2 protein chains.
Amino acid sequence: MKLTEMPREALVRFHAEMLEEYRRCQAKGLKLDMSRGKPGKKQLDLSNALLSLPTEDACVCDGIDARNYGTMDGLPSCRAFFADVLGVKKEEVFAAGSASLTLMYGVIAKAFTHGLLHSEKPWCKLDSVKFLCPVPGYDRHFTICQSFGIEMINIPMTADGPDMDLVEEAVKDPAVKGIWCVPKYSNPEGIIYSDETIARLASLKPAASDFTIMWDNAYCVHEFAGEFIPFKDMLTECRNAGSPDMVIEFASTSKITFPGAGISCFACSEANMAYMKKLLNAECISFDKVNQLRHVQFLKDKEGVLAHMKKHAVLMKPKFDTVIELLDREIAPLGFASYHRPTGGYFVSLNTMAGCARRTHQLMKEAGVVMTNAGATFPYGKDPDDANLRIAPSFPPLAELQEAMQVLCVCLKLAAAEKLLG
Amino acid sequence: MKLTEMPREALVRFHAEMLEEYRRCQAKGLKLDMSRGKPGKKQLDLSNALLSLPTEDACVCDGIDARNYGTMDGLPSCRAFFADVLGVKKEEVFAAGSASLTLMYGVIAKAFTHGLLHSEKPWCKLDSVKFLCPVPGYDRHFTICQSFGIEMINIPMTADGPDMDLVEEAVKDPAVKGIWCVPKYSNPEGIIYSDETIARLASLKPAASDFTIMWDNAYCVHEFAGEFIPFKDMLTECRNAGSPDMVIEFASTSKITFPGAGISCFACSEANMAYMKKLLNAECISFDKVNQLRHVQFLKDKEGVLAHMKKHAVLMKPKFDTVIELLDREIAPLGFASYHRPTGGYFVSLNTMAGCARRTHQLMKEAGVVMTNAGATFPYGKDPDDANLRIAPSFPPLAELQEAMQVLCVCLKLAAAEKLLG
């Protein structure tokens, strides 16, 4: 029976039962962490071969000693590696350090201090800078905006990606300078942007000459169920639509090898590349080419990456299956919540009854299970419906995840019953 | 005989001889590089043990799995390592990625976009921002300033460090926001700031509340002749002088292990640290802790670093001896040039006859030897006397260095003779 259709008397009983179950959960004294998209230990172990690479006799690559200064845009082999994975040209790739987030921050920071390629002036000289934020979305994108005082505009996600009607309308405002996109296995919903959405994004004619699509392709090879799904190259799409400089793409191996100790890149038109390299020249001599070489030797190419991701999938799929099974069994019949069934990426996005997400999160916390903050998937941490919760099943071992999910189901039900009882 | 005292007839003969020698140099078709402070291959080989660290069973340190996300301010062991080397407290250290230059750029960038701890407003909102630049100095400091449109003010170096009379006068201007310092084995002169200079710097009472001493301690353990020279901790000096937040110190292992693939840090007061961490939280999740762990396991502590630097010294000293011996023999008797005799660091700073540096550089280039650009050691690349040349002897093998230095001596003499002949 749907919870909303339950007679009050039955609901009171349901609430009492849930409260009792919750107290049993609390009594276990759990200490579980489902807060971030952190790979689990077994996933890290898959890349331990990195730890003894490169060998002493293989430090020279492309005629460059990876151990020494120089080659700011990265080892040619590493640029070629990312080009292969992303389906772009090697000349369009800048291979950098361990974090694509730092590269994204860098683009926004440089937009403020120097302006981007087609900026009329640096953004710090503007009265207002706005960004489009598909919601629910990735909290760290929003944190960057907030740090720079960028006004964030919510764009609801559809099953095909951001609501393009709203996007096309919003970009008529010259203060709107860009949009954050996680186009494949979006964070948190695991949605793959449709071809039509991609085409409409590439065809945007924004009022701002320096409008930039921040194409955070964080999960480009991160299928955990089924085969690799080919995906359009956004650089080509934008070039074909006559706006080659409108997109900057980001990727990393954070969730392929070691998070925070992997390699990252950005990819963009050659004109953007020349502009960014001039700015980056003041900031660095070279990124960690030894780590670039280490990764190229280990992962080799796209084929090597896809084979490696199959090993991750073996570890990830049972965890996502656990999440969905429990939600299907415990929550679906009550009809007050909805959730996605991703086949890749790192999250399950769950919408509980409006007004219940923060309470659910609080209950979880008080039962010893840390989740991503309710609201974190929205700009300013403000979910207008107070409904969205992001489940990050990768980090805990399977047994702990099962326990955490059981607690979550109890908390979801308890919070919803509380709400309905008023 | 001094060149300036040579009768014209003798000078004409001297010029002709030099021209002939120069042509012989050119005929060799050399291709040598003395342009940057790059360690040589044998120096890199000293750290090859890094390539097989950490071992699989030693990836957890301080209870933290170095392979995963988290611990933004760096592995506690790595912070303790830098604290030991620099003589500061662990809490004052932020251990980061592979490049201290990127950290320095980051501080200036954040000053522009957000302001520093004691800024009244972000520097991008100011009409004028000025920085004091001891000259000759490090070109990459100047490049950062230039990138942000910071007006650079030359402060001549003395044998004790920057001319403090001029510095004390200059900081009365509230637009003067900081000073670049390479306090030990300054780039390029190899000068160690005297205790008095350090005390006067720490005691500065600048008009700007957010005046910052950018303390680039790049060569803190880089003696190549003689024992390690203890050096005052600038954080303590500033704290004792009542200005704990006036300094940010930078260091890295770029010239200890692998340049561009080492680890770096900044050190500052705990108030500055809290402020910087809040800003950095928008930029990164964590730096490469695997590389931090790798370095801590390899270098261990200050004692370990000093023992390692002795091995560098064995390779570096003969190169510096070669430079000085050739200058002493070929150039000193002619009395038109002066140079420093460093015991640490990476450079020999040479002042040739005024108006001859660019010409000498050009002659070198045309004989196949690349040197740091003449003027590079001054803001905007403008050496007012056109006299300073930076010799970087570390990269070429000894035999090549000898050849390059012989060419340099010929070019110095030829350019000076040309100048005197008018």
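The values are calculated or read from the model by the stated rules, or taken from the named source; none is laboratory data. The structure presented is a predicted model; accordingly, all values stated were derived computationally and were not measured. Ideal geometry is used to build each Cβ from the backbone, glycine not excepted, and the neighbour counts take in all protein chains shown. Heads up: the accessible areas ignore ligands, DNA and RNA and are worked out on the full protein's heavy atoms, side chains in. Shrake-Rupley method; radii C 1.70, N 1.55, O 1.52, S 1.80 Å.
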Number of positions in segment A:269-278 that are open to solvent by 30 Å² or more (accessible area, probe 1.4 Å) and either within 13 Å of another protein chain (Cβ to nearest Cβ) or not charged (D, E, K, R) (or both): 5
Test result for B:V314, touching a residue at least 12 places away in the same chain (Cβ under 8 Å), over 23 Å from B:A96 (Cβ atoms) and either open to solvent by 20 Å² or more (accessible area, probe 1.4 Å) or part of a helix (DSSP H, G or I) (or both): no
Which one of these does A:R23 not meet: (1) under 21 Å from the mean Cα position of the chain (by Cα); (2) within 30 Å of A:A415 (Cα to Cα); (3) at pLDDT 95 or above? (1)
Tell me which residues, restricted to segment A:61-72, are farther than 15 Å from B:P39 by Cα and surrounded by fewer than 21 Cβ atoms within 10 Å (Cβ to Cβ). A:C61, A:D62, A:G63, A:M72
Taking segment B:203-219 and keeping residues out of contact with any Gly (no Cβ under 9 Å at 6 or more places or on another chain), open to solvent by less than 40 Å² (accessible area, probe 1.4 Å) and hydrophobic (A, V, I, L, M, F, W, C) leaves B:L204, B:W215
Under 8 Å between Cβ atoms, at least 6 apart or on separate chains: pull out the pairs that start in segment A:337-365 with a residue that is closer than 22 Å to A:L32 by Cβ and end on any residue that is of a type in the set (K, R) and assigned to a helix (DSSP H, G or I). A:C356/A:K419; A:R359/A:K419
Positions within segment B:36-50 being surrounded by fewer than 21 Cβ atoms within 10 Å (Cβ to Cβ) and over 25 Å from B:R390 (Cβ atoms), in sequence order: B:D45, B:N48, B:A49
Looking only at segment A:265-298, and only at residues there that are out of contact with any Ser or Thr (no Cβ under 6 Å at 6 or more places or on another chain) and among the polar types (S, T, N, Q), the one that is farthest from B:G262 (Cα to Cα): A:S269
The condition of being surrounded by 20 or more Cβ atoms within 10 Å (Cβ to Cβ) and under 24 Å from the mean Cα position of the chain (by Cα) holds, among B:A417, B:A337, only for B:A337
Take B:F250 and tell me if it is assigned to a strand (DSSP E or B) and within 14 Å of another protein chain (Cβ to nearest Cβ). yes
Determine the pairs where a residue that is in contact (Cβ under 8 Å) with a residue 12 or more places away in the chain, located within segment B:265-280, has a partner that is not hydrophobic (A, V, I, L, M, F, W, C) and not in a helix (DSSP H, G or I) with Cβ atoms under 6 Å apart, the partner being 6 or more residues away or on another chain. B:A267/B:E249; B:S269/B:P244; B:S269/B:D245; B:A271/B:D245; B:N272/B:D245; B:L279/B:H114
Please specify each residue of segment A:133-179 satisfying the condition of being of a type outside the set (D, E), within 14 Å of chain B (Cβ to nearest Cβ) and closer than 29 Å to B:K121 by Cβ. A:R140, A:H141, A:F142, A:T143, A:I144, A:C145, A:Q146, A:S147, A:F148, A:G149, A:I150, A:M152
Checking B:D245 against (1) part of a loop (DSSP other than H, G, I, E, B); (2) within 14 Å of chain A (Cβ to nearest Cβ); (3) charged (D, E, K, R), which single condition isn't satisfied? (2)
With respect to A:G375, is the statement that it is touching a residue at least 12 places away in the same chain (Cβ under 8 Å), of a type outside the set (A, V, I, L, M, F, W, C), on the phi > 0 side of the Ramachandran plot and touching a Lys or Arg at 6+ places or on another chain (Cβ under 9 Å) true? yes
Segment B:73-94, residues that are of a type outside the set (G, A, S), open to solvent by less than 30 Å² (accessible area, probe 1.4 Å) and farther than 20 Å from B:E303 by Cα: B:D73, B:E92, B:F94
Exactly one of A:L75, A:L103 is modelled with pLDDT of 95 or more and closer than 30 Å to A:E169 by Cα, and that residue is A:L103
Any residue at all in segment A:142-160 that's touching a Gly at 6+ places or on another chain (Cβ under 7 Å), surrounded by 18 or more Cβ atoms within 10 Å (Cβ to Cβ) and in a strand (DSSP E or B)? no
Residues (over 30 Å from A:C59 (Cα atoms) and open to solvent by 80 Å² or more (accessible area, probe 1.4 Å)) located in segment B:8-35: B:R8, B:E9, B:R13, B:E17, B:E20, B:R23, B:R24, B:A27, B:K28
Would you confirm whether or not segment A:30-49 contains a residue that is of a type in the set (D, E), at pLDDT 95 or above and over 31 Å from the mean Cα position of the chain (by Cα)? no
Being part of a loop (DSSP other than H, G, I, E, B) and touching a Cys at 6+ places or on another chain (Cβ under 9 Å) is the filter here, so list the residues in segment B:269-281 that pass it. B:S269
For a quick check of your reading of the model, give me the residue pairs whose first member lies in segment A:379-398 and is closer than 12 Å to A:G355 by Cα, whose second is polar (S, T, N, Q), with beta-carbon atoms closer than 6 Å and at least 6 apart or on different chains. A:A387/A:N351; A:A387/A:T352; A:N388/A:N351; A:N388/A:T377
Within segment A:279-290, the residues that are at the interface with another protein chain (Cβ under 9 Å from one of its Cβ atoms), open to solvent by 10 Å² or more (accessible area, probe 1.4 Å) and closer than 23 Å to A:N68 by Cβ are A:N281, A:E283, A:I285, A:F287, A:D288
Please find, within segment A:121-132, the residue that is farthest from the other protein chains (Cβ to nearest Cβ) out of those that are surrounded by 23 or more Cβ atoms within 10 Å (Cβ to Cβ) and not in a helix (DSSP H, G or I). A:L132
Of (1) farther than 30 Å from B:N48 by Cβ; (2) surrounded by fewer than 21 Cβ atoms within 10 Å (Cβ to Cβ), A:L350 satisfies every one except (2)
In segment B:255-268, how many residues are assigned to a loop (DSSP other than H, G, I, E, B) and either open to solvent by 10 Å² or more (accessible area, probe 1.4 Å) or not polar (S, T, N, Q) (or both)? 9
Mind listing whichever residues of segment A:367-396 are open to solvent by 70 Å² or more (accessible area, probe 1.4 Å) and either under 30 Å from A:E9 (Cβ atoms) or touching a helix residue (DSSP H, G or I) at 6+ places or on another chain (Cβ under 8 Å) (or both)? A:V370, A:N373, A:Y380, A:D385
Pair list, Cβ < 9 Å and 6+ apart or interchain, from segment B:250-262 residues that are farther than 13 Å from B:V85 by Cβ to residues that are at pLDDT 95 or above and in a strand (DSSP E or B): B:S254/B:S264; B:P259/B:S252
Has segment B:317-334 got any residue that is closer than 25 Å to B:D84 by Cα, at pLDDT 95 or above and surrounded by 16 or more Cβ atoms within 10 Å (Cβ to Cβ)? no
